[in-house]
Amino acid sequence: MARTEDFLEVLHELVAFVRVAESGSFSAAARRHGLTPSAISRQVARLEKAMGISLMQRTTRQLRLTEAGMQVLERGRELVAAAQASMRVAEGHMGKPNGLIRVSAPKALSRHVLQPHVLSFLQKYPEVDVHLLVADRPVDPLREGFDLVIRLTDDPPQGMVARSLMPVRQLVLASPAYLAANEPIHIPEDLTAHSCLSIGEQERDSRWRFVRGEDEVEVAVAGRYTLNHSEMRLAAVEAGLGVGCVPDFVARDALAAGRVVRLLVDWAFDTNYQGMAYLLYSTARYTTPKVRALIDHLVAALQPAAAAGHR
């Protein structure tokens with residue numbers, strides 16, 4: 001029977017076994033470790049001898065794990081993951097930000113808000129790389145391996161640190177030409193007589209809900225064009241195709257230039273596509289200098305801008 005003290009002397013061999021099992025061959029594992037296939041094979045043989053069991057069935061064409069080998073692989077992966085986590089802890093105590101940061105953020109927010117600040121961050125920290133996943137789906141940072149996630153929500157998830165960045169509102173807009181050619185819009189119910197551009201991702205997207213104090217109004221809208229891209233929806237509004245809802249940060253320039261007009265200013269347009277933009281991360285991720293540097297950079301850039309834009 002293998003003794004625990006014997007096993008502790010072949011931890012390096014256990015890592016080699018995990019790499020062989022994951023890559024499917026001694027040759028691939030050897031290239032990864034910078035060794036020869038025969039050297040990797042001897043490491044696995046030493047592990048089998050120390051444990052007193054066979055871990056692999058070797059043929060000329062393939063390697064097949066035994067039942068015991070499958071169980072050892074599962075525990076070996078846990079050991080490798082724990083070692084990698086330990087190295088990340090050590091990295092957290094190094095002073096200079098370096099390495100890769102994985103970030104996820106919604107599409108429109110990434111394009112109009114996040115992009116310039118990520119570029120300035122990369123210029124400021126030349127030894128840090130950023131992988132930005134632009135996606136509107138809810139990304140699970142822990143399960144999918146992201147350091148930071150930006151999410152629009154009024155209810156940030158439990159178990160994560162949530163730093164507020166900026167509020168995001170959906171504005172109801174129309175072009176001056178469209179308004180000149182159609183009936184005026186004073187209250188939400190007036191929208192029933194107009195062509196409205198909905199997002200069209202869910203059935204309730206054609207029912208627009210408005211809130212003003214204690215008053216709540218829901219209006220069923222319809223129109224000729226339905227599309228779930230905010231910039232394209234703004235372009236359709238500017239082209240006079242009807243009334244559309246667009247995030248405030250997307251509409252900012254068009255409003256300033258007078259190409260569109262904001263409607264129903266006294267009413268809040270209530271939709272799932274708005275809320276506070278939160279920066280989500282685990283406390284463990286924050287310990288690394290690279291992640292801490294990006295968090296501080298984004299908070300410093302976006303919170304003052306958000307305050308100035310909503311005075």
For this session: With a point put 7 Å past each Cα toward its Cβ, work out how far residue 217 is from residue 80 in nm, to one decimal.
Result: 6.2
Problem set entry | Debye, to nearest 20: dipole size of segment 174-223, +1 on Lys, Arg Cβ, -1 on Asp, Glu Cβ | 140
Exercise. Label residue 229 and residue 120 with points 7 Å out from Cα along Cα→Cβ: what is the distance between them in nm?
Worked result: 2.8
Exercise. For segment 101-196, what relative contact order do you get, as a whole percent, if you take Cα pairs closer than 8 Å and at least 6 residues apart?
Worked result: 30
Exercise. Relative contact order, percent, of segment 225-291 when contacts are C-alpha pairs under 8 Å separated by at least 6 residues?
Worked result: 20
Exercise. So how strong a dipole does the chain carry about its Cα centre when Lys and Arg Cβ are +1 and Asp and Glu Cβ are -1, to the nearest 20 debye?
Worked result: 1520
For this session: Positive end of the charge dipole of the chain (Lys, Arg +1 and Asp, Glu -1 on Cβ, about the Cα centre): tell me which of 47, 79, 287 has its Cα farthest that way.
Result: 47
Seminar exercise, completed: Calculated from DSSP helices alone, with each H run of at least 4 adding -39500 (n - 2.57) and the total divided by the residues of the chain, [θ]222 nm to the nearest 500 comes to -12500 deg cm²/dmol
Seminar exercise, completed: Of the accessible area of segment 212-257, computed with a 1.4 Å probe and all protein chains kept, carbon and sulfur make up a percent value of 44
For this session: Using per-residue counts of other Cβ atoms within 10 Å, averaged over each peptide, order 221-227, 9-15, 211-217 from highest down.
Result: 9-15, 221-227, 211-217
For this session: Would you work out which of 170, 114, 97 lies farthest towards the positive end of the dipole of segment 97-217? Charges go on Cβ: Lys and Arg +1, Asp and Glu -1.
Result: 97
For this session: Only Cα pairs under 8 Å and at least 6 apart count here; give the relative contact order of the chain as a rounded whole percent.
Result: 21
For this session: For residue 25 paired with residue 177, estimate the spin-label separation in nm (one decimal), with each label point 7 Å from Cα along the Cα-to-Cβ line.
Result: 6.3
Seminar exercise, completed: In segment 8-51 the accessible area split gives carbon plus sulfur, as whole percent at 1.4 Å, a share of 54
Problem set entry | Gyration tensor over alpha-carbon atoms, the chain, equivalent ellipsoid semi-axes in Å | 56, 22, 17
Problem set entry | Accessible area of the chain divided out per residue, in Å², using a probe of 1.4 angstrom | 56
For this session: Please give the helix 67-92 orientation as an angle from the longest Cα principal axis of the chain, in degrees from 0 to 90, rounded to the nearest 10.
Result: 60
Problem set entry | Set of lysines with alpha-carbon distance to residue 124 below 16 Å, sequence-local pairs under 8 removed | 96, 290
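The values are calculated or read from the model by the stated rules, or taken from the named source; none is laboratory data. As the structure is a prediction and not an experimental result, all values here were calculated from the model. Note that each Cβ is placed from the backbone with ideal geometry, even for glycine, and that neighbours are counted across all protein chains shown. Keep in mind that these areas ignore ligands, DNA and RNA; they rest on the heavy atoms of the full protein, side chains included. Shrake-Rupley method; radii C 1.70, N 1.55, O 1.52, S 1.80 Å.
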